[in-house]
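The values are calculated or read from the model by the stated rules, or taken from the named source; none is laboratory data. Just so you know, these numbers come straight off a predicted model, no measurement behind them. With ideal geometry, Cβ positions are generated from the backbone for all residues, glycine too; neighbour counts draw on all protein chains shown.
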Amino acid sequence: MKILLTAILLALGLNIHAEMIESKDGLEVANPACIDFVVSINNDSGHVLDKTSLSDLIKNHFKSGGIKATGLEKAPSSPFLHIIVTAYPQAFSILVSFHRKVSFSVGEKEFTTNASTWSDGTFGLSSNQDLINKGVLLYIDQFIKFFKNSNL
């Protein structure tokens, strides 16, 4: 059934970048050369934070790591990386998490849910765009390292 559904979606020309496969580590995907990501910015800083330029930096960073990244406006059903930046007047926080379908059983029933299978983050005492960009890219580097190791 899964093969038939995948064939139908591909026939319709949908852009499918990653597909869940069984994983003990939580980062394995069917196509590790591509990844979807979503950037969320919560800005209470009073400064302008440019989401488009941050997305472009992330795409270029993945590209330099050998991965084609696609920025999306909302979470897809396939695995994706979610980058959440929260900016305050004198500080910021960054949370980077990888989400995918996870199967589990309770008793004799099988369930599937979307869950975070990897996350990391930090905070800083400034809401400067350049500092936020550098912080996000450091965590993208960290993610790429684990992602590549998990998909060898």
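Of the residues making up region 105-137, those that are in contact with a strand residue (DSSP E or B) (Cβ under 8 Å, 6 or more places away or on another chain) and within 18 Å of Ala87 (Cβ to Cβ) are Gly121, Thr122, Phe123, Gly124, Ser126, Ser127, Leu131, Ile132, Gly135, Val136. In contact (Cβ under 8 Å) with a residue 24 or more places away in the chain and over 24 Å from Ile144 (Cα atoms) - does that describe any residue in region 90-100? Yes, region 90-100 has at least one match.
For region 1-25, filtered to residues that are surrounded by 17 or more Cβ atoms within 10 Å (Cβ to Cβ) and part of a loop (DSSP other than H, G, I, E, B), the residue that is modelled with the lowest pLDDT is His17. In summary, no strands (runs of 3 or more DSSP E) completely within region 40-152 bear 3 or more residues that are among the aliphatic types (A, V, I, L, M), under 17 Å from Gly26 (Cα atoms) and out of contact with any Ser or Thr (no Cβ under 7 Å at 6 or more places or on another chain). Scanning region 58-92 for residues that are under 18 Å from Val48 (Cβ atoms) and small (Gly, Ala, Ser) yields a total of 2.
Only one of these is of a type in the set (Gly, Ala, Ser), under 13 Å from Ala91 (Cα atoms) and touching a His at 6+ places or on another chain (Cβ under 9 Å): Ser116, Ser127. Name it.
On the way: Ser116 fails: under 13 Å from Ala91 (Cα atoms).
Within the list Ser116, Ser127, the selection yields Ser127.
Filtered by the rule that a residue be under 16 Å from Ile58 (Cβ atoms), aliphatic (A, V, I, L, M) and surrounded by fewer than 15 Cβ atoms within 10 Å (Cβ to Cβ), region 87-134 gives a lone residue, Leu131.
Ser127 - would you say it is free of Cβ contacts under 8 Å to residues at least 40 places away in the same chain, on the phi < 0 side of the Ramachandran plot and small (Gly, Ala, Ser)? Criteria not met by Ser127.
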